Each structure stands twice: as structure tokens, then as C-alpha cells.
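Working notes, structure below.
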Amino acid sequence: MMTRGVGLALALVVLQGCAMLELRESSRASLNAGEAVRMDKEGWLALPGVRVAVAASNERLIAVTIGPALLVPLPIFPLRPGVVEPRRDASSMWIDVALDPEGEGFVFDPSRVRLRLGEDGDLRAVRMIGPAEFAHLVSRRQSGRLCGYDPRRGSVVGPVAITQLSCVSLEFDVVPPAADTTFALSIEGLVNGGVPVVVPTLAFSKSHRWLFNAAP
Amino acid sequence: MVTRESPIVAVHYQDIIQATPPTDGAPSEPRWASVGAPTRRIKERFLQGMRARLPSAEVRNVSEPRFAYLVRYLIPDPHWLKRTFGRGLAFDFYSPRQSLHVGGGALRFPMMIPMTIHARLLRLDDLAVLWADSCTFEPGPLDRGAMTLPDAEHTYTTAGLDRADRCADTLLAAFLGPGR
């Protein structure tokens with residue numbers, strides 16, 4: 001009888017899958033104290049006529065637990081993060097810049113974005129892809145990135161008109177820093193009808209997030 | 001109504017997408033693509049027919065495709081058109097996309113599922129839908145090797161595009177009503 005019960009429980013686990021709880025750390029943008037502009041909970045800066053959000057792609061899985069998801073998910077068994085997400089040493093860092101303009105007058109020049117990172121000083125992007133679709137909510141939560149991708153659009157080489165909610169991915173020739181390394185991003189080159197839009201410098205610092213997933 | 005109010009814009013939504021995120025490595029071959037009806041072509045045929053029958057209607061044709069941010073009922077959220085164009089009227093042309101496997105740059109399977117295109121006329125002030133209709137056509141097999149081109153039109157055969165054109169004509173006839 002007990003064997004049958006254990007077998008049934010195992011079958012239910014197999015049928016219904018498992019639950020996985022992940023702890024991820026990354027660098028999250030914030031404003032320096034004293035800025036007149038506000039950043040909302042989703043990370044959008046509300047500027048005159050446009051909203052701006054950024055995300056750095058240095059996210060790392062630091063802890064993960066797994067367990068059965070019968071009636072109540074119980075992700076209680078720890079796993080090595082490397083089992084879930086093999087570590088890949090990236091040689092460059094991507095930063096996504098999302099823009100939500102009002103009207104048709106905005107132009108963005110990604111070559112005027114600067115990454116300030118320790119002794120590496122001010123870095124310009126070596127590659128820029130977009131404007132692409134802003135990733136949908138589920139994708140943003142899963143990947144931590146803002147851009148949906150379409151490689152046919154290729155690289156941006158100069159100023160581009162931004163007439164709708166869009167996203168540009170910038171590649172910087174630097175090894176992605178650990179989340180506890182602070183760095184800053186300055187966005188110049190955003191213009192509305194010829195008038196520059198002042199975007200405050202964004203400071204990145206360590207941030208954590210929990211992610212709950214079904215693990216089939 | 002299109003001859004009385006202005007400005008009027010006509011937009012189409014992006015009809016082909018490959019989803020391969022950029023990485024630090026070499027660009028990888030796309031594994032799948034998401035393809036819809038050729039929205040730009042259908043929009044332009046609709047506008048061409050409308051100009052011929054309603055010469056006084058001035059409609060600005062927006063060439064850059066829009067990204068389709070969907071809301072309930074899986075149609076594009078008109079809020080984004082209002083945010084860009086402010087006021088006036090807007091025609092929009094949207095086609096739900098179908099995901100297809102791509103192998104070695106060529107489609108593995110011909111597209112067999114009918115394509116649908118949804119057209120609307122919206123009043124941007126209050127986002128009222130003044131007119132909406134849809135049509136469906138058989139796309140037939142897609143041309144090989146065209147998945148990296150800028151819009152879905154290049155993936156269709158001539159016969160498939162003819163059927164898409166007839167779909168646009170059906171929409172225009174429905175919009176103009178009998179006698180036009």
C-alpha cells in the first residue's frame with residue numbers, strides 16, 4: 001500500500017512538474033539623490049515628453065532551490081546554480097535603453113551614450129542594435145532585459161527616429177562587472193524637435209530579485 | 001467620415017520577426033520566425049483604392065511599421081497610436097503572426113494556415129473604433145530564404161500576394177459600402 005502511495009506521489013510529481021525558486025543578482029539603475037526627476041517602480045524615468053528605462057545584462061544566478069509542485073509548490077531542495085544555468089564568461093556587456101516617446105519628434109543617437117566604469121573610464125558602445133520591440137512583461141521578468149530582438153534590423157550607425165515605444169541594445173567592449181561593482185550611464189543624444197532632452201546620469205548598484213518558475 | 005476629419009494617418013504593424021537576442025558571440029542562425037500577412041502591402045493597396053474612389057480624403061501613409069503591443073482580444077492597443085499621433089483618425093492594419101521553424105535559412109514547412117488581417121479606423125481623441133473588419137486568405141507556401149528581408153511580403157509567392165491583394169480589396173469594399 002505504501003509503495004503504491006509513493007509511486008502515485010512520484011507520478012504526480014512527474015505529471016505536474018516541479019517548482020523552482022531562483023535568486024538572481026544584477027546591477028539596477030537608480031538616480032542620484034537630489035534629482036528632480038522620479039523613477040517609478042518599473043524603472044521608468046518620466047522626462048518631458050518621453051519615458052526612459054535602462055537595464056544592464058550582468059545578471060547572475062546565485063542560488064536556486066527545486067521541489068515538487070503538487071497542490072502547494074515546495075521548492076525546498078537546493079541545487080548548484082551551475083546545474084541550472086551553466087556559467088558563460090561574456091566578453092562584452094549589453095545595456096538596453098528603452099524609450100517611450102510622445103509624438104513623432106524624437107531622435108536618439110546611441111553613439112552618445114557613455115558607460116562610466118572604474119578605471120576603464122568613459123566607454124562608447126561598439127555595437128548598437130535596434131530600435132526593436134520593447135519586450136513583453138513575461139520576457140522582461142525572465143531575462144531581465146528590456147528589448148525584444150530582431151536581428152534583421154542590424155546595427156544602428158547614427159541617430160534614429162524614435163516614434164513609438166522602442167528599445168535599443170548597446171554593446172560595450174568590457175567584461176560585465178560583478179553586481180557589487182558600481183558604474184554609471186549617461187545618455188546624451190536624445191532630442192525632441194531639435195531640442196536636447198536632459199537625461200540625468202543613472203547610477204547602477206547591486207540588486208537582487210527572486211524568480212519563481214515551473215520546472216517541467 | 002474620412003473626408004470631414006483630419007489629420008488621418010494609416011499605419012501597419014510589423015509582420016515578420018526573428019527572435020535571436022544579441023550575444024557577445026557570432027550572430028547565430030535564427031531557429032524560428034514569426035510571420036503574418038504582408039500588412040504594408042495590404043495597407044498600401046487599400047489606400048490606393050481609397051484615393052481612387054475618395055480623392056478628397058487625405059491620408060498620410062506612415063512607412064515605418066509599428067510594434068504590435070497587444071491587449072485583450074489580442075489586438076494592438078490603440079493607446080500607442082494616440083501617444084504618437086495625438087489626434088485625428090488612424091487606420092491600422094494588423095495580422096496575427098504564425099511561428100514557423102526555419103532550418104538552414106529555409107522554411108521546413110510550407111505555411112498552410114489561413115492568414116487573417118484586421119483593419120480598423122480609430123478616432124484618436126477617445127479611441128473610439130469607427131469601423132473594423134477583417135479578411136482571411138490562403139498564403140500558400142512561402143518563398144525560401146527570404147526570412148531576413150525587412151517585411152513578410154518578400155516571403156510570399158506571386159500567387160500568395162495576389163490573394164493578399166484581393167483581401168485588401170474586400171476590406172476596401174466593406175469600408176466604402178455598397179455603391180462605391
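Just one of (1) within 10 Å of chain B (Cβ to nearest Cβ); (2) outside any helix (DSSP H, G or I); (3) surrounded by fewer than 20 Cβ atoms within 10 Å (Cβ to Cβ) trips up A:Gly158, so point out which.
Checking A:Gly158 against (1) within 10 Å of chain B (Cβ to nearest Cβ); (2) outside any helix (DSSP H, G or I); (3) surrounded by fewer than 20 Cβ atoms within 10 Å (Cβ to Cβ), the one that fails is (1).
Look through region B:66-104, keep the residues that are assigned to a helix (DSSP H, G or I) and modelled with pLDDT under 95, and return whichever of them is farthest from the other protein chains (Cβ to nearest Cβ).
The initial filter retains those residues of region B:66-104 that are assigned to a helix (DSSP H, G or I), namely B:72-74, B:79-85.
Next, from what is left, pick out any that are modelled with pLDDT under 95: B:72-74.
Numbers: B:Arg72: 14, B:Tyr73: 16, B:Leu74: 12 Å.
It comes out as B:Tyr73.
Please pick out the residue among A:Ile62, A:Ile95 that is in contact with a His (Cβ under 9 Å, 6 or more places away or on another chain), part of a strand (DSSP E or B) and in contact (Cβ under 8 Å) with a residue 12 or more places away in the chain. Even if it seems obvious, please write down each step before you answer.
Details: A:Ile95 fails: in contact with a His (Cβ under 9 Å, 6 or more places away or on another chain).
Criteria check complete, one pass: A:Ile62.
State all residues of region B:58-86 that are more than 21 Å from B:Pro139 (Cα to Cα) and touching a residue at least 60 places away in the same chain (Cβ under 8 Å); if no residue qualifies, say none.
Answer for region B:58-86, where residues must be more than 21 Å from B:Pro139 (Cα to Cα) and touching a residue at least 60 places away in the same chain (Cβ under 8 Å): B:Pro76, B:Leu81, B:Phe85.
Check whether at least one residue in region A:131-140 is part of a strand (DSSP E or B), among the hydrophobic types (A, V, I, L, M, F, W, C), at the interface with chain B (Cβ under 10 Å from one of its Cβ atoms) and touching a residue at least 12 places away in the same chain (Cβ under 8 Å), and report yes or no.
Yes; the residues of region A:131-140 include at least one that is part of a strand (DSSP E or B), among the hydrophobic types (A, V, I, L, M, F, W, C), at the interface with chain B (Cβ under 10 Å from one of its Cβ atoms) and touching a residue at least 12 places away in the same chain (Cβ under 8 Å).
Looking at region A:98-114 only, could you name the residues that are part of a strand (DSSP E or B) and touching a helix residue (DSSP H, G or I) at 6+ places or on another chain (Cβ under 9 Å)?
Initially, region A:98-114 is screened for residues part of a strand (DSSP E or B), giving A:98-101, A:106-108, A:113-114.
Selection gives A:Asp100, A:Pro101.
Restricting region B:13-65 to residues that are part of a strand (DSSP E or B) and out of contact with any helix residue (DSSP H, G or I) (no Cβ under 7 Å at 6 or more places or on another chain), which is modelled with the highest pLDDT?
Taking the candidates together, the pick is B:Arg60.
Name the residue that is surrounded by the fewest Cβ atoms within 10 Å (Cβ to Cβ), counting only residues in region B:42-77 that are touching a Leu at 6+ places or on another chain (Cβ under 7 Å) and more than 19 Å from A:Ala132 (Cα to Cα).
Ranking the qualifying residues of region B:42-77, first place goes to B:Arg53.
Which one of these is within 21 Å of A:Arg116 (Cβ to Cβ) and in contact with a strand residue (DSSP E or B) (Cβ under 7 Å, 6 or more places away or on another chain): A:Val50, A:Val54, A:Val84?
Numbers: A:Val50 fails: within 21 Å of A:Arg116 (Cβ to Cβ); A:Val84 fails: within 21 Å of A:Arg116 (Cβ to Cβ).
When all the criteria are applied, what remains is A:Val54.
The values are calculated or read from the model by the stated rules, or taken from the named source; none is laboratory data. Since the structure is predicted, the reported quantities are computational estimates derived from the model, not experimental observations. Neighbour counts run over all protein chains shown; Cβ positions are idealised from the backbone, glycine included.
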